[in-house]
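Here the structure comes first, spelled out in structure tokens, and everything after it is commentary.
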Amino acid sequence: MEPLRKLLENLRVIQEKLRDGEPKEIIHTFNPQFFWNTLEQAFKATSQEATKISLAYSKPPVPSEEDCQKLSDGLLNAILAASSLYYSLPKEQGTTLRKTVREAVADVIEGTVQLIDVILSARIQSLSQAQLVSTGSVWEACDHFSQIPKDNHAAVVGIVSGYLGVVKDALEEMEEALAGGEDPFSDVLDDDDTGVRGNQDTYWSEADRRLLGPCLSLMKASIACLKKVLGTLKAHGKVETSEQVAQLDDLADITQEVSPSVDELALSMYPPMNHPPVRINAAKLASVLKKVLEITSASHVCPDTECSWVQFLHNAIDHNMNKVKSLTQDSL
């Protein structure tokens, strides 16, 4: 079992280096077809080698030290091939794409680490449920190759789509709380929990409800903003020049800030509402959304035909932010 222990140590070293992994030198010639074909083969090899080890340790007798070494070397070489390929992907191909590939490789390594750890921890040499699950995790991570975006445009589209989904969920949760009636905590608090159900800490006052309107509208503007950015990304996004690739990365970076800003605003909207923090969080969200619009309109994904919705959303953000300021003026 010593080769397996050494394999586990090596995998963890590779895993640690991958977290901070950047290409150590500029790749002057990059062949996309060769890169993706070779990475696919490395993922397939990892899946096959992991399966060999799992089967070898699924029933007695335990493989000999020599066979164990061969199995360990085969799996390690496949993992090294995948991680080395990640390092060969130039930054010029896009930081969002590199991050996506790194996460895919990291998932494969994590699944493999768990599998080897399970095998080493097994007291009885039999195919346990944990080993089955771990082997399946490796297969799933390796099969994910087909879903990896193959250029920075596809990577950024995927990222922004994910952010849009999260923001939609946040708005839906808040709207459900409002639709629940006067008490948003009625489904999680009983009379015995609060002592008195008249506790105003669990209710929105009339002033609170007036403030909720423009705050919800800002959350809706966030969805509209991400939808429009996603649409124009799909329609006009290109990766023909380094400038276009960099602009797509800028969009991925700024849209990443929308969801946390929406969450902060949403959390401050639950009773008991403290109006000054709500105002601050609304202003933060408005600022992020304006930055999204600014970066979008300055990029190649936003031709003149898209300018009208950019201005419309600018106005909508200003309108609702001004309402928030007006309704919270007395609380400052």
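The values are calculated or read from the model by the stated rules, or taken from the named source; none is laboratory data. Everything quoted here is computed from the prediction, not taken from an experiment. A quick note on method: Cβ atoms are made from the backbone with ideal geometry, for glycine too, and the neighbour counts reach across all protein chains shown. For accessibility, only protein heavy atoms count, side chains too; no ligands or nucleic acids. Shrake-Rupley method; radii C 1.70, N 1.55, O 1.52, S 1.80 Å.
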Enumeration of residues in the range 135-166 that are aliphatic (A, V, I, L, M), closer than 19 Å to GLY237 by Cβ and in a helix (DSSP H, G or I): ALA154, ALA155, VAL156, VAL157, ILE159, VAL160, LEU164
Of the criteria (1) part of a loop (DSSP other than H, G, I, E, B); (2) over 30 Å from GLU243 (Cβ atoms); (3) not charged (D, E, K, R), which one LEU89 fails: (2)
Residue match in the range 43-66 (condition: of a type in the set (Gly, Ala, Ser), under 21 Å from ARG12 (Cβ atoms), out of contact with any Pro (no Cβ under 8 Å at 6 or more places or on another chain) and free of Cβ contacts under 8 Å to residues at least 60 places away in the same chain): yes
Residue within the range 257-271 that is touching a helix residue (DSSP H, G or I) at 6+ places or on another chain (Cβ under 6 Å), open to solvent by 60 Å² or more (accessible area, probe 1.4 Å) and assigned to a loop (DSSP other than H, G, I, E, B) present: yes
Residue within the range 298-317 that is touching a residue at least 60 places away in the same chain (Cβ under 8 Å), among the hydrophobic types (A, V, I, L, M, F, W, C), outside any helix (DSSP H, G or I) and open to solvent by less than 50 Å² (accessible area, probe 1.4 Å) present: yes
Restricting the range 272-297 to residues that are open to solvent by less than 30 Å² (accessible area, probe 1.4 Å) and free of Cβ contacts under 8 Å to residues at least 40 places away in the same chain, the residue that is nearest to ASP208 (Cα to Cα): ASN281
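Among the residues of the range 284-315, write down those that are of a type in the set (Gly, Ala, Ser) and over 16 Å from ILE254 (Cα atoms).
Going through the range 284-315, the residues of a type in the set (Gly, Ala, Ser) turn out to be 286-287, 297-299, 308.
Answer for the range 284-315, where residues must be of a type in the set (Gly, Ala, Ser) and over 16 Å from ILE254 (Cα atoms): just SER308.
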Residue tally, condition at pLDDT below 85, under 23 Å from ARG279 (Cα atoms), assigned to a helix (DSSP H, G or I) and open to solvent by less than 70 Å² (accessible area, probe 1.4 Å), over the range 178-222: 1
Residue that is nearest to ALA78 (Cα to Cα) [pool: residues in the range 120-138 that are surrounded by 15 or more Cβ atoms within 10 Å (Cβ to Cβ) and at pLDDT 90 or above]: VAL138
Residue within the range 94-105 that is surrounded by fewer than 20 Cβ atoms within 10 Å (Cβ to Cβ), free of Cβ contacts under 8 Å to residues at least 12 places away in the same chain and in contact with a Lys or Arg (Cβ under 9 Å, 6 or more places away or on another chain) present: no
